[in-house]
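Colleague: Please see the structure below; I have some questions.
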Amino acid sequence: MPHHKNRNKQMDKLSRLLKEIKTLEVIGDTDKNIVSLESDSRKATKEGMFVAVRGVTTDGHKYIPVVASNHVGAIVCEELPASLQKGITYIRVADSSVALGQLASAWHDHPSSKLKLVGVTGTNGKTTTATLLYEMARLEGYKAGLLSTVCNYIEGRAVPATHTTPDPLTLNALLAEMAEAGCDYAFMEVSSHAAEQHRIAGLTFAGGVFSNLTRDHLDYHHTVDNYMRAKKKFFDMLPPEAFALINADDKSGRFMVQNTKARVLTYSLRTDADFRGRIVETRLDGTLLQLNGKDVEVLFTGRFNAYNLTAVYGASVLTGFDPGEVLVNMSRLVPVAGRFQTFRSPKGVTAIVDYAHTPDALVNVLDTIREIVGPDGRITTVVGAGGDRDHGKRPQMAQESACRSDRLVLTADNPRSEDPAAIIADMKAGLSESELRRTLVIADRREAIRTAILTASEGEVVLVAGKGHETYQETNGVRHHFDDREEVRDALAQL
């Protein structure tokens, strides 16, 4: 990734940086130059600033003695070490993760205030909505940036993504690159982890979009209530001049904006709202959608996508794009990789690759397919569940898939450090006797996809769920190349 001067900034005055954060105590000289800002103790440099953050797996405070021996210029922490080293300025704060976000923004000269930054949060639909907003801005003739699970983009240039929302230093460096590239807009997915860990602290948002809320990431948040509160933090921080666009059909929508200072607007497929979507006609490869009374043909299928597109329409208008132009450009938008991606064989078998990896996402996708193929159409679902993640959703995922499919194939997803057979056993626990009779267990994912497609009858739809755009499979902590879309194409070619 090309470095520009902002990322490789040489120094900043400590006294100026300290104006950006709330300090409880400052010990030492503040009239000094700081040459780098780091939260990773291994990267902390002489005359740099180290921020000790209490992370999920490790606490930065325990590395303070190591960092101090490297003669850093300043240390930001929540608890002062037992012995203070001469020549280092110690800054005590209430929450160092909040301080890191604010310092990262200041270090890069507040890049988010130079862009119109819109955040998208919710369980399902974040990637699609953020990506389509980015595409919309570019179709409208603007330069734009995107921060998403699949990939980050600075104007047209791709920068690989590692987390849904990067750490504050990476995040602000990317935003600074966007500002420097002349971007007018930036769109980003805001994960619950990012809100909870204050990765977005110090950013200025022009708007926020809430899609929906269902069970996810309980391995991290433990309860749905915690998960909901983490997402709400994003709306709590929006400024009064920003907009908060919520899905009026999701019961959590109102909760999200209870304490927001932003202007609240709604979108809906079911009820009166500021932005009203209606499905007129639906097919496997597209939908005739009505948005605020105007018809538009879109290349997306399914009720969940109708929600995403209504949100995109609303957020585009609120961002300042012309409503008429937005409608024209809606028909030019194309689906995101691995999100309800359709593949057809000349023999009449259709395969759909989708990222659905929660019970609710599977319900959405399968209900959409059923709506299109009708009660007599045949559906086979190939699905697994990720290892080292929420165990509670495994039986639910199998159950929701089984009761909406004619045939179920249970297989491996990303087993990570777990035994695939144990994960499949957890999934089977959600199935009844009769459901088990029409379930195949094929742990090898390649073989599972091949079998499902090669044994499908004419007109059958095979859903391959869970991995979507991913190009790897993680087994025993090692990532191997694996792409559901490649496997589907290969199998369909053999029909």
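Colleague: Quick one: 3J(HN,Hα) in Hz for region 90-105, Karplus 6.51/-1.76/1.60 with θ = phi - 60°, rounded, Gly and Pro as x.
Modeller: Values, residue by residue: 9, 10, 9, 10, 6, 9, 6, 6, 5, 4, 4, x, 5, 5, 5, 5 Hz.
Colleague: Below 15 angstrom from the Cβ of residue 328, what's the summed charge of the other residues (Lys, Arg +1; Asp, Glu -1)?
Modeller: Counting the neighbours of residue 328, the net charge comes to -3.
Colleague: At 1.4 Å probe size, with no ligands or nucleic acids counted, give the accessible surface of residue 390 in Å², nearest ten.
Modeller: Solvent-accessible area, nearest 10 Å²: 20 Å².
Colleague: Leaving ligands, DNA and RNA out of it, report the carbon-plus-sulfur percent of the accessible area of the chain at a 1.4 Å probe. Spell out each step's value before the answer.
Modeller: On the way: 9830 of 20230 Å².
About 49 percent, which is the carbon plus sulfur part of the accessible surface.
Colleague: What is the sum of charges, Lys and Arg at +1 and Asp and Glu at -1, for the other residues whose Cβ falls under 12 Å from the Cβ of residue 451?
Modeller: +1
Colleague: Restricting attention to the alpha-carbon atoms of the chain, what are Rg (one decimal) and Dmax (integer), both in Å?
Modeller: Rg then Dmax for the chain, in Å: 24.2, 78.
Colleague: Work through the residues other than residue 148 whose Cβ is under 10 Å from its Cβ and net out their charges, Lys, Arg +1 and Asp, Glu -1.
Modeller: Working: positive: 126; negative: 189.
Local charge sum for residue 148: 0.
Colleague: How much accessible area per residue does the chain have, in Å², with a 1.4 Å probe?
Modeller: 41 Å²
Colleague: Follow-up. Between residue 471 and residue 447, take the C-beta separation as r, use R0 = 25 Å, and let me know the FRET efficiency to the nearest 0.05.
Modeller: E(calc), rounded to 0.05, equals 0.85.
Colleague: Please compute the contact order of the chain in relative form: average sequence separation of alpha-carbon pairs under 8 Å and at least six residues apart, divided by the residue count, as a percent.
Modeller: Values: 1118 pairs, mean separation 48.8, N = 495.
Answer for the chain is 10 percent.
Colleague: Counting only C-alpha contacts under 8 Å and six or more residues apart, can you give the relative contact order of region 48-151 as a whole percent?
Modeller: Contact order relative to length: 17 percent.
Colleague: Using 0.36 nm per residue of separation minus the Cα-Cα distance, give me the extension gain between residue 86 and residue 376 in nm, one decimal. Present the calculation step by step, with values, prior to reporting the outcome.
Modeller: Values: separation 290, 0.36 × 290 = 104.40 nm, distance 7.80 nm.
My answer for the length gained is 96.6 nm.
Colleague: Sequence-distant or interchain residues sharing an amide H contact under 5 Å with residue 120, placed H: which?
Modeller: 188, 189, 190, 209
Colleague: Which sequence of 185, 355 reflects their accessible areas, 1.4 Å probe, from the largest down? Please list the in-between numbers first.
Modeller: Working: 185 20, 355 45 Å².
In descending accessible area the options line up as 355, 185.
Colleague: Give me the number: length gained by fully extending residue 241 to residue 25, i.e. 0.36 nm times residue separation minus the C-alpha to C-alpha distance, one decimal in nm.
Modeller: Extra length from residue 241 to residue 25 when fully extended: 74.5 nm.
Colleague: In percent, what relative contact order does region 311-424 have, based on Cα pairs under 8 Å that are 6 or more apart in sequence? Mind dumping the intermediate values first?
Modeller: Working: 128 pairs, mean separation 23.0, N = 114.
Rounded, it is 20 percent for region 311-424.
Colleague: For residue 481 and residue 294 in one chain, what is 0.36 nm times their gap in residues minus the Cα-Cα distance, to one decimal in nm?
Modeller: Values: separation 187, 0.36 × 187 = 67.32 nm, distance 4.40 nm.
Full extension from residue 481 to residue 294 adds 62.9 nm.
Colleague: Evaluate E = 1/(1 + (r/R0)^6) for residue 284 and residue 94, where r is the Cβ-Cβ distance and R0 equals 45 Å; express this FRET efficiency to the nearest 0.05. Walk me through the intermediate numbers first.
Modeller: On the way: r = 53 Å, r/R0 = 1.19.
With a Förster radius of 45 Å, E is 0.25.
The values are calculated or read from the model by the stated rules, or taken from the named source; none is laboratory data. Just so we're clear, the structure is a prediction, and the values are computed from it rather than from any experiment. Heads up, the Cβs are rebuilt from the backbone with ideal geometry, glycines too, and the neighbour counts pull from every protein chain shown. Accessible surface areas use protein heavy atoms only, side chains included; no ligands, DNA or RNA. Shrake-Rupley method; radii C 1.70, N 1.55, O 1.52, S 1.80 Å.
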